[in-house]
Amino acid sequence: MKKLLKNKTFWILTGLVFLGLVFRLYSFSSITFGYDQARDAFIAQDIFLKGDLKILGPSSDIHGLHHGVLYWYLISPFYAFSYGGVFAVKLFVILVGLLAIPLIYVLAKKIFNNFWIGIISAFLIAVSYEAVLYSHWLSNPSFAFVTILLSFLFLWMYVKENFKYGLFATAFFWGLSVQFEIFLLYQAAVFFIILILYRKINVKDIFISFIIFIFAISPLLIGEIKFGYSGALGVVSFFTGYAGERGQTISEMWQRAGDKLFMIPYYNFLSSTGASFVFTVILLIVSTIYSILLRDKRVTFLLLWFISPVVLFFTGSTNIYFVFIGCAIPLAMLTAFYLHELFIKKKAYLSCALFLLFVFGSNIYLLYENKGKGEILFSVQQDMVYDTQTKMLDFMYEEAGGKPFRINTITNPLFINTTWSFLFDSYGRKTYGYMPFYWGYPQNGQFGENVVYSKDFKGSQGLIFLIHEPSDGIPDFYKNGIIKFENTRSKVIKTKKFGEFNVEKRVITADKPFLKEEIDESIKNNDLRDVKLEGLE
């Protein structure tokens, strides 16, 4: 213990982990919380509290194909013990994400055998805006940021240090990565290329590693068998042209890949699109020279890792940023290596310090500029932020003055109240001691269908609040149709805006159940001309 306390590396890394924690605790209550997060919360609680075990994980972008269930099992005790507390789960995700800081130091130190390259790499990940967002994101890919790092760490130990069990550990952590994000199956090609380039193929090691990988993804395979190979059929359907985007030229695919690749330095180091583009081009050129002309296999290893996700864009199916999950790690190590070669090696310490200070400031700027917006790099449902949503609930309960009230929602996905069922159940009930009466589309078969809303609400006198989620993805004709229907049973007396949300406070004028047929009829007859948002504050 005394030796550890005297170890400068331990204290520097501890300081960097603390710095990373400070960055990750900034804007702590700003959590993207939409349908996916509410669904995960309900499932996680059911797993722990009801023993409702799952073998099929969250659905992917390919119909029928699912991620693994590991994410749900990891977060389940935190949702259960905190009674649906979102912040407990977020803190757990943050603590897992912090592991990347000491781990990247270990990997960089092993690759380059240099203390400063390891420390600079750890610093870059500690303050990285992208790494911060992965540590905030309540979604299954977030943990893959760490498992990807572990798989490449053990791969390096296998190919360059002859660590006997390195390939086995790589297969295990790769399997966990695939559970967290199914598209990471593509990394098989990267691992195979690295094995060919760096050491003689050992068939026995590959066979045992394959068995370990199968074990790590076994829930996925069991789910495939149980549900009639829906994932395999979905993949076949996708690649035969019945799903996904098609008709793109090679140049268009290159452009999409390049657009995302060039943004990685932006969200990690530079916060300038022009500087990010120049930085990436120079990095790729210099790294290629090092790899080919100078035969530097250290740089080759990191370069292959960094650019490998580009192949996914040639399926014509993806345009999401987190396809490059984990690529900030090799980028950080390559940057640290070149900083060492250009500045530290030549004792130009001030130049190196100025660059790192600029990186520090750039990431602080991104954190401040995007404060309160949630995980903007990854979220499909922009502006669905937890602290905004709880402020909306506070408004409704305060306006109701402790008396019963009703709610209806305009949501994305349409007519699915999963998000608000969780929020009212976990926050509204806990904070105010009672639930509203749900007066919208029946939720049979939806996540959150068992949430107990108020049932003791009689007569037509009282309040109803109509919640408008951000309009992206909600067809205008349905939004207007729901508003027009609500006008037949209630009258707007106040409208309040919360970010991109709107909440209408209404007085009930008729005790009329929700009738989707009436909405569909209005849409069919194009009878929505008089619909408008009234009383906006």
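The values are calculated or read from the model by the stated rules, or taken from the named source; none is laboratory data. Just so you know, these numbers come straight off a predicted model, no measurement behind them. No Cβ is skipped: glycine too gets one built from the backbone with ideal geometry, and neighbour counts run over all protein chains shown. In case anyone asks, the SASA skips ligands and DNA or RNA and just uses the protein heavy atoms, side chains included. Shrake-Rupley method; radii C 1.70, N 1.55, O 1.52, S 1.80 Å.
Quick rundown of the values:
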{"item": "Residue check for residue 467: open to solvent by less than 50 Å² (accessible area, probe 1.4 Å), within 30 Å of residue 81 (Cα to Cα) and outside any helix (DSSP H, G or I)", "result": "yes"}
{"item": "Any chance residue 176 is touching a helix residue (DSSP H, G or I) at 6+ places or on another chain (Cβ under 6 Å), free of Cβ contacts under 8 Å to residues at least 12 places away in the same chain and under 14 Å from residue 144 (Cα atoms)", "result": "no"}
{"item": "Check on residue 105, farther than 30 Å from residue 345 by Cα, open to solvent by 10 Å² or more (accessible area, probe 1.4 Å) and out of contact with any strand residue (DSSP E or B) (no Cβ under 6 Å at 6 or more places or on another chain)", "result": "no"}
{"item": "Flag for residue 111 being surrounded by 20 or more Cβ atoms within 10 Å (Cβ to Cβ), within 27 Å of residue 297 (Cβ to Cβ), touching a Lys or Arg at 6+ places or on another chain (Cβ under 7 Å) and of a type outside the set (Asp, Glu)", "result": "yes"}
{"item": "Residues of region 382-406 satisfying the condition of being part of a loop (DSSP other than H, G, I, E, B) and more than 25 Å from the chain's Cα centre (by Cα)", "result": "401, 402, 403, 404, 405"}
{"item": "Filter result for residue 453 (over 21 Å from residue 480 (Cα atoms), part of a loop (DSSP other than H, G, I, E, B), among the aromatic types (Phe, Trp, Tyr) and without any contact (Cβ under 8 Å) to a residue 40 or more places away in the chain)", "result": "yes"}
{"item": "Lone qualifier among 374, 401 - being of a type in the set (Gly, Ala, Ser) and either more than 30 Å from residue 452 (Cβ to Cβ) or without any contact (Cβ under 8 Å) to a residue 12 or more places away in the chain (or both)", "result": "401"}
{"item": "Which numbered condition residue 480 fails, given (1) modelled with pLDDT under 90; (2) over 24 Å from residue 520 (Cβ atoms); (3) touching a helix residue (DSSP H, G or I) at 6+ places or on another chain (Cβ under 9 Å)", "result": "(2)"}
{"item": "Lone qualifier among 155, 124 - being closer than 29 Å to residue 11 by Cβ and at pLDDT 95 or above", "result": "124"}
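Yes/no per residue for (1) within 30 Å of residue 368 (Cβ to Cβ); (2) open to solvent by 80 Å² or more (accessible area, probe 1.4 Å); (3) touching a residue at least 40 places away in the same chain (Cβ under 8 Å):
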site: 255; (1), (2), (3): no, yes, no
site: 272; (1), (2), (3): yes, no, yes
site: 291; (1), (2), (3): no, no, no
site: 296; (1), (2), (3): no, no, no
